[in-house]
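Heads up: the structure comes next, in C-alpha cells.
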Ligand code: COI
C-alpha cells in the first residue's frame, strides 16, 4: 500500500506579503516554504506515517546513526510554473530511481517510486503559492528529498529506522553571477570519489569530500574545483555538484562516461539527448584533462559548461592549475557565453517552462 501523505494544518504560515518579498529575489537554498513531507521506515514494518507537516526542526537523538556514520542520501529537482498557471516537474521518475540506487549503495531501504512522486505532489500541493510565477526570470521551486538513518544506535550496521523528508526552497540562479562564465581549479590534492566507492550515489558524504577541493579552488581565485579520477589523476570526473561537457568546433560534445565514480546527472542525460536533436555529436568517454588544456590552446575546444539541476547550464571560462591556466575561446568573461552552451540552456529551460514541445515526455504535472 502506498503512503498517503495526509496534511496537517500550519499554525503560522508565512504571510503573503513576506512570501512575495522572498519570491522576488530568492537566491539559492536560503529560503524555505511552510511545509515538509515526511515518512518513516522501520525494519520489519517498511514505510509508514507519510504526512505533510509544518516545516520545522527534527527531534533527533544524538546517537542517530546519520550523525556518526553518514548513512544519508538525497535528491534535487525543481517545480516549474507554466504560463497557464499549472505546475510541472522535470523527469521526477529519474530522481525517484536514482534515490533508490543511492539508497541501495548506502544499505538503505528503497522508497517506492510512487511514494517518491506522492511526496513531491503532496508538498507542492500544500505550498503551491511558493512556486514562482511564470515569466519571473529563471525562478522555480527547488525540491530536496532526502533520507537518513534516524535510529539511535552506535554499532556499525545499516540502521533499523530511516526518516524520509522533502523540503522546498524557492530558487533563482545557483551562481550569483548568473550566466557569467565560471573559473575552475584542477584539484590535485583531493579526489572526490574512488573506484568501488560511493561516487555515483547522491549521498552527503560525496559532497563533504568535495569541500576541501572547493576551498583549494577558492584559495586560487576560482569559483569551483574540477576533480580528476583518483587512480591516475588524469581523467576529468566532475565538479562535486555538477557534471561537465566540452564542446568542440567540429560539433562533438563530450562528457565523462559513467564509470561509477561520478554522479549520473538527470540534466547530463537530458543534454546528451538535446545535443543529438541539435545535430551535435555527443560522446561519453574518458577525457584526459590534458585534452582540455590542448584544445583550449589550439582553439579546437570552443566551449565548456557545467550542468546540474541547481546550476542548469553554466558556462566555464577559465581552467587553472598549479603553474598555468587556459581560457576556452568562446567563453572568456569578456567574450560571454558560447553559442551551443546558450542554445542548450535555452532549449532545456523552454521544455521545463512549457515554452517548447515536450517531445521526449519529460514533464510531469504536479
Ligand atoms: C542539484 O543540482 O540539485 C544538486 O544537488 C547539486 C548541488 C550543487 C545543489
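Just so you know, all these numbers are worked out from the coordinates, no wet-lab data involved. Predicted model, so just to flag it, every value in this text is computed and none were measured. Because the Cβ atoms are built from the backbone with ideal geometry, glycine has one as well, and the counts that use them run over all protein chains shown.
The figures follow:
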{"item": "Cα coordinate range in the range 182-353, projected on the principal axes (Å, largest first)", "result": "36, 33, 26"}
{"item": "C-alpha long axis of helix 204-219 to longest principal axis of the chain, angle in °", "result": "40"}
{"item": "Under the Debye formula (equal points on every Cα, no solvent term), log10 I(q)/I(0) of the chain at q = 0.06, 0.09, 0.12 Å⁻¹", "result": "-0.23, -0.52, -0.93"}
{"item": "The range 1-62: Rg to Rh, with Rh as the Kirkwood radius over Cα pairs", "result": "1.08"}
{"item": "For the range 6-171, convex hull of alpha carbons as volume per residue, Å³", "result": "117"}
{"item": "Estimated FRET transfer efficiency when R0 is 35 angstrom, pair residue 277-residue 28 (beta carbons, to 0.05)", "result": "0.75"}
{"item": "Theoretical FRET efficiency, 1/(1+(r/R0)^6), r = Cβ-Cβ of residue 359 and residue 215, R0 56 Å, to 0.05", "result": "0.85"}
{"item": "GNM flexibility winner over the chain from 17, 214, 290 (Cα, springs under 10 Å)", "result": "17"}
{"item": "Label point at residue 322 placed 7 Å out along Cα→Cβ; residues across the range 186-211 whose backbone nitrogen lies under 15 Å", "result": "186-191"}
{"item": "Residue among 98, 157, 144 with the largest mean-square fluctuation in a Gaussian network model of the chain, springs linking Cα atoms under 10 Å", "result": "157"}
{"item": "Degrees separating the helix 339-352 axis from the principal Cα axis of the chain, which is the longest one", "result": "20"}
{"item": "Dimensionless Rg ratio for the range 289-349, taking C-alpha atoms and the 2.2 N^0.38 Å reference", "result": "1.14"}
{"item": "Length released on extending from residue 60 to residue 136, taking residue separation times 0.36 nm less the Cα-Cα span", "result": "23.6 nm"}
{"item": "Kirkwood Rh, Cα atoms: Rg over Rh of the range 164-222", "result": "1.04"}
{"item": "Listed residues 154, 228, 301, most fluctuating in the chain (Gaussian network, C-alpha, under 10 Å)", "result": "154"}
{"item": "Additional length obtainable on full extension of the chain from residue 84 to residue 188, 0.36 nm per residue less Cα span", "result": "32.5 nm"}
{"item": "Spacing of the two label points (7 Å from each Cα toward its C-beta) at residue 7 and residue 294, in nm", "result": "5.9"}
{"item": "Distribution of pairwise C-alpha distances over the range 192-289, 5 Å bins, in %", "result": "3, 13, 22, 23, 18, 12, 7, 2"}
{"item": "Taking all pairs of distinct alpha-carbon atoms in the range 32-93, Kirkwood radius in angstrom", "result": "15.0"}
